[in-house]
1. Could you work out how much longer the chain between residue 292 and residue 575 gets when fully extended? Use 0.36 nm per residue separation minus the Cα distance between them, nm to one decimal.
2. Sticking with the crude label model, points 7 Å out along Cα→Cβ, report the distance from residue 308 to residue 236 in nm, one decimal please.
3. Once the piece of chain linking residue 340 and residue 694 is laid out straight, how much longer is it, given 0.36 nm per residue of separation minus the C-alpha distance between them?
4. Going by average Cβ density within 10 Å per residue, which order do the peptides 51-59, 566-574 take, highest to lowest?
5. Return the FRET efficiency for the residue pair residue 443, residue 512: r is the Cβ-Cβ distance, R0 is 25 Å, and the value is rounded to the nearest 0.05.
6. To the nearest 0.05, how large is the calculated FRET efficiency for residue 743 and residue 640 if R₀ is 41 Å and r is the Cβ-Cβ distance?
7. Mind ordering 309-322, 345-358 by average Cβ neighbours within 10 Å, highest first?
8. Highest first, please rank the peptides 458-467, 267-276 by the mean number of other Cβ atoms sitting within 10 Å of their residues.
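All of the numbers you see were taken from the coordinates with simple rules; none came from a lab. Values in this document were obtained by computation on a predicted structure and should not be read as measured data. Here Cβ is always computed from backbone atoms with ideal geometry, including for glycine, and neighbour counts include all displayed protein chains.
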């Protein structure tokens, strides 16, 4: 709960209060006044780590666990007994396994992926040469799509393609994203489950003052896929890690990923009434004293080549602590060489809670959240938010080398997203926002801070502040010697920042226009695109807006052109990977709030003078295809008057459009655009208990059959475009249930582009 509270706070600090002030202030720094920030201190061994964690935990433990995590909700139990002795976890918890390079601007964002033979674009990324994982990837000859734990492989040739194979990765994890490199794919996801602790056992003579509690144990999953046979994808290895996956980057053939791991959930004793808090605190302190290193640090389980390896994820001598206490989470940076396959990885870690990840070609930075004392007073909390600082930890990432810790620093305020950080010529530039979102004085403002590595410290050497006083920061883009920022209250101040002198950054230009941009994309050294929302003079949003900014004169930025679509938005507003650009042709997914016929992707050509011209449109239209399945759709009327009649009346109620179909092992499943959940007959006992046999007999199901529960989805939602990329003269677009290619060889008008091919993306694996 504490980590959730911290994350919520960090997000809330970005929803800033507003005022009328918008002055930009240049901050003068006296080198004699520069304070060396905290550096990380390495631990000697596991004994050193454990001693430190126990000491910090003893200071913060209370009747609700660490620092009163869990909130004091009084639950009076009618029955139960006090546990007379604290159960000690003497081993690590089990880890459950779940079965043409398009460069818009050479110092800005680029699409990753290149080929000497095939002209194609890849994922839109922040830094050229630093690939980012996504839900779809291509190398120009194949397309990989991950959807609900199902990986689909498509062989493509220009605008033509076909599904060659699918493999189930597992839907018990979520947020899958992937890399593709040569003949391998690596997938990353989050998952976990709830563990329910039993009622506390002990002497029946003791009072019923305490109760057990369930907890959620998050896990990170990494899966390596062999792509050498496109008709038979194979999982070659997989690993689970205790903790949450944050993000990953691919440079060359080396993957770096960040995982945030909380301590393993201890069996805290919680009081059932205020009068038993003192006793609960005493028991919880005893529990801390008896913990082992396995209770605090993340573990892993690696399955590869038929063998299983388990252990501690990060060696204790690779674990560091900040000078100031930053919580009990372990923030790990792991390195994997794709050519060597998935291993336990070379790792380095920090005792802190990670949030935002940024990577250049040689540095990997993670911004961390602060530890929040949940029992602080309201007044203290207000002061705390006004003075909030963010710690940033930097790691060196030489080519094909494991990450190594290099330096740490602190900055005032909070970060918006990964684009708030940028490394150039040995300097880290960070844009932060200070001020409390609950402040009535509207004292929020943003600033750019320049930091330099000095020993093990990131030291502030330059700063310019006063960006958007009383306004929220909506977007940032930092390039080589220039930066851009957008703040918003009622109008959009677009700032141009001169970064050529890192010690003296300077805001040199400002433009105020209606609306705001949430994503900024450089086209060339003179033109920057802004994607966001149009707004009226009162700040009320009106719909999607694309702005072209001419920054050839940094002191006088000009909005040269706009493209608007009323009552609409775009995935690219909050996920830069949804934006695509080849040369000067931009592709932008659009979703209309009131007119589904305008859902699709618009093509915008950016002329040399910054004019925006719509040159085409792509939509995934609803088709009247017959819903085909090899399965038998069950008539729920056969259940009326039987022991399982309740299924027909409740779960299988046709009023909701749901239906159940019975499939043999060889049947093709799914049902058009409907969503279908699969339940093997052999698992019916887990859901229906004694009623399972009755149902099996009535419907005539065999032991190897399966049931699929399907419910309709609005195809207009399913067919909203999420991603796009170019292969030769074809534009490929992806929605939930479809891949589609359109001809862009002669796109010069705003009409629909000719369709080349449409390939459904099945949600259910057809069994051969």
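1. Details: separation 283, 0.36 × 283 = 101.88 nm, distance 4.10 nm.
Gain on stretching residue 292 to residue 575: 97.8 nm.
2. In this crude spin-label approximation the distance works out to 2.3 nm.
3. Details: separation 354, 0.36 × 354 = 127.44 nm, distance 5.19 nm.
Between residue 340 and residue 694, full extension yields an extra 122.3 nm.
4. On the way: 51-59: 15.4, 566-574: 19.7.
Most protected by this proxy first, the peptides run 566-574, 51-59.
5. Values: r = 21 Å, r/R0 = 0.83.
It comes to 0.75.
6. Details: r = 54 Å, r/R0 = 1.31.
Rounded to the nearest 0.05, the efficiency is 0.15.
7. On the way: 309-322: 18.7, 345-358: 24.3.
Highest to lowest by the protection proxy: 345-358, 309-322.
8. Working: 458-467: 21.5, 267-276: 18.5.
Averaged packing, sorted descending, gives the order 458-467, 267-276.
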